[in-house]
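Following: one structure in structure tokens, then a few remarks.
Here, each number is a calculation from the coordinates, and none is a lab measurement. Keep in mind that this is a model prediction, so the values were computed, not measured. Cβ atoms come from the backbone with ideal geometry, glycine included; neighbour counts cover every protein chain shown.
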Amino acid sequence: MGDNDTSNPCTGLCRFDAAGTCRGCLRSKAEAKGWKRLPDSEKAAINRRIRDRVAATAPPGTGAGKTAAKRLRKLDKKIRKLEARLAALRRERETAGAGGAAVPREEQVSG
């Protein structure tokens, strides 16, 4: 999350502790409920607070902060490689299907 990040930090784990803080995204109930109506400046401030809290409370080696960003970049790179490989395999399948009998959809392995 950057300093002006206004994206919704919801992780889909909406469970609130006794203090009213979501265990998934670390927002208050009011922040989570009214997110769509909040101005962008307030959304960015909430995201900064969440990012700072995660970085300050995460034990070393858990992937918080800069190491988390690095890990995400590596995962994105792996995903791009896998998507390129998948596209090549799909082209190969279509080429093979065009030259011979096409494989019925039911028999094709879906991914």
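Data table
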{"read-out": "Simple Cβ-charge dipole of segment 1-57, Lys/Arg +1 and Asp/Glu -1, about Cα centre, in debye nearest 20", "value": "240"}
{"read-out": "Inverse mean reciprocal Cα-Cα distance (Kirkwood Rh) of segment 1-57, Å", "value": "11.4"}
{"read-out": "Simple label model, 7 Å out from Cα along Cβ direction - Ser7 to Ala55, nm", "value": "1.7"}
{"read-out": "Long-range HN-HN contacts of Cys25 with modeled amide H, under 5 Å", "value": "Thr11"}
